[in-house]
Structures are given as structure tokens and as C-alpha cells.
1. Mind sorting SER210, SER40, SER121, SER138 by how few other Cβ atoms lie within 10 Å of their own Cβ, fewest first?
2. When the chain is modelled as a GNM with alpha-carbon springs shorter than 10 Å, which of GLN137, GLN39, GLN222 fluctuates the most?
3. Angle, helix 102-111 long axis vs. longest principal axis of the chain, Cα atoms, 0 to 90°, nearest 10?
4. Please provide three numbers in whole Å: the alpha-carbon extents of segment 3-140 along the principal axes, with the largest listed first.
5. Kirkwood hydrodynamic radius (Cα pairs, Å) of the chain?
6. Could you give the length gained by full extension between GLN25 and ASP125, i.e. 0.36 nm per residue of separation minus their alpha carbon distance, to one decimal place?
7. For the pair ARG74 and LYS211, how long in nm is the line joining their label points, each one 7 Å along Cα→Cβ?
8. If the chain between VAL195 and SER40 were fully stretched, how many nm would it gain, using 0.36 nm times the residue separation less the Cα-Cα distance?
Amino acid sequence: MSDERRGQGPGQQPPVVRVVVADDQTAVREALATVLDLQSGVEVVATAKDGGEAVRAAEEHAPDVILMDLNMPRVDGVEATRLIGERFPKVAVVVLTTFADEEYILAALGAGARGYLTKESGREDITRAVRAAAAGQSVLDPAVRDRLVAAAARGGAPVQRPGAGLAPDLTPREVEVLTLIGEGLTNRGIAERLVVSEATVKTHINNLFSKAHLRDRAHAVQYAFVHGLVKTPG
């Protein structure tokens, strides 16, 4: 992935987001590729019918984002996500699957997925998630966020009282930013809520990720849930 393609000077259009679509169902794969190709600023550079092909596509095409199904033959989506994260860390994976069980969600996020959507998501939601992932943000389907909260509340990852057990050197502002990440806000949304610049928000996020040993934004969402910073539904 060249720096020239990623570069963006004043007044230039944002770079095109290059996408690979991985799904074992031909009709679904082709439909997703067609829909995404019609979106401004998005280009589907390859498709894959299993996780192995997705890994090879990451190597051959250097996409920004891979839209990844989970239940695929030979190499499944979770394993493919893990391999891509290890070999091609600049490639973001967004899961798009019919499964919203916490077992699948936690496995995919643990493997390094930057986003997790169900196939109930509409065209605009999928496109927004792809663009967000390319920009270094994560997007979780609301149903997925609720499942994470419920999983934590049931005891697999017990929810603690608000703030308990957090990394001890987090500042109050970093905890505030972590809470807003858990609520699903983007960097811009956090900046607007806190009345600070996006650059300041990024600094806080970098600091809290380092202090709390967080891999990425999706991991931060889980961390916020488990430590009682996000209210459970109901």
C-alpha cells in the first residue's frame, strides 16, 4: 500500500477505500461487491470465497479493508482475521455475518477485527463501517454492543462497579474518553462532546490504549463494558 495513494494534500479528495469482500455464498459475495462498488470513494479490488483466499487477497491487493464472513470452509473468518492481523497489520477487517452470539463476537474481536456487523445491516451501515475501519475507527452493530454487555453481565467477563479495576494510572479525562468509546462515539463525536480538538482526543486515546494495554477500539469497547463504564440495556 503506497504512501502516495494514501497521501492527501489540501483540497484533494479523500483516497479511495480499497475493499476485499470475503463470503462463501456466491450470491451474497457478488451482491456486496456490487453494492460497495457503487458507493463513492469505495473500490472492491477482489472477492474471496473462504478465509484462505481472503489472506491471499490481503497479500496480493493490499486493501484497506476486508469485509469478512465468519462461517466459511477450510479457513474460517476468525482464523483468517488473526492471520491477516499478524501478517498485514495495516489491513482492517470488518466482520459481516449472520452470527451475533457473544462466542463469535468475542472470538472475532479477539482475533483483531476492527468492526462487527450482522447481515441485517443496511447498505449505508456497511459502507459507513468500511470507511470508518479504513480511517482507523471501529464500528459495532448496536445488537453486537448489547450482546457484549449481556455477556459481561452474565459473568463470563463480570461487570465491575463503575471504574473498579481500571488501569491505575488512567487520568479522569482518559476514563471519560474510554466511556465515550464504549458508547460508540467516533473521535469527532468525542471531540464535540468534550469540546476539544480531535487531535486532543487522539492523544488521550493513544495514552489510554498504552496504559490499559488495549489492542484497538473494539477491545476498548469491551474494556469499558467490563469495567462498568457503559450502562447495560434495560
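Each reported figure results from applying straightforward, stated rules to the coordinates on display, with no laboratory input. The model shown is predicted, which means the values in this text are computed figures rather than measured ones. Quick reminder, even Gly has a Cβ in these numbers, built from the backbone with ideal geometry, and neighbours come from all protein chains shown.
1. Values: SER210 11, SER40 8, SER121 17, SER138 23.
By the 10 Å Cβ count, ascending: SER40, SER210, SER121, SER138.
2. The residue that fluctuates most here is GLN39.
3. 80 degrees
4. 44, 30, 25
5. Numbers: mean 1/r = 0.0550 Å⁻¹.
Answer for the chain: a Kirkwood hydrodynamic radius of 18.2 Å.
6. Going from the current span to full extension adds 34.0 nm.
7. 4.6 nm
8. Numbers: separation 155, 0.36 × 155 = 55.80 nm, distance 3.07 nm.
Stretched out fully, the VAL195 to SER40 stretch lengthens by 52.7 nm.
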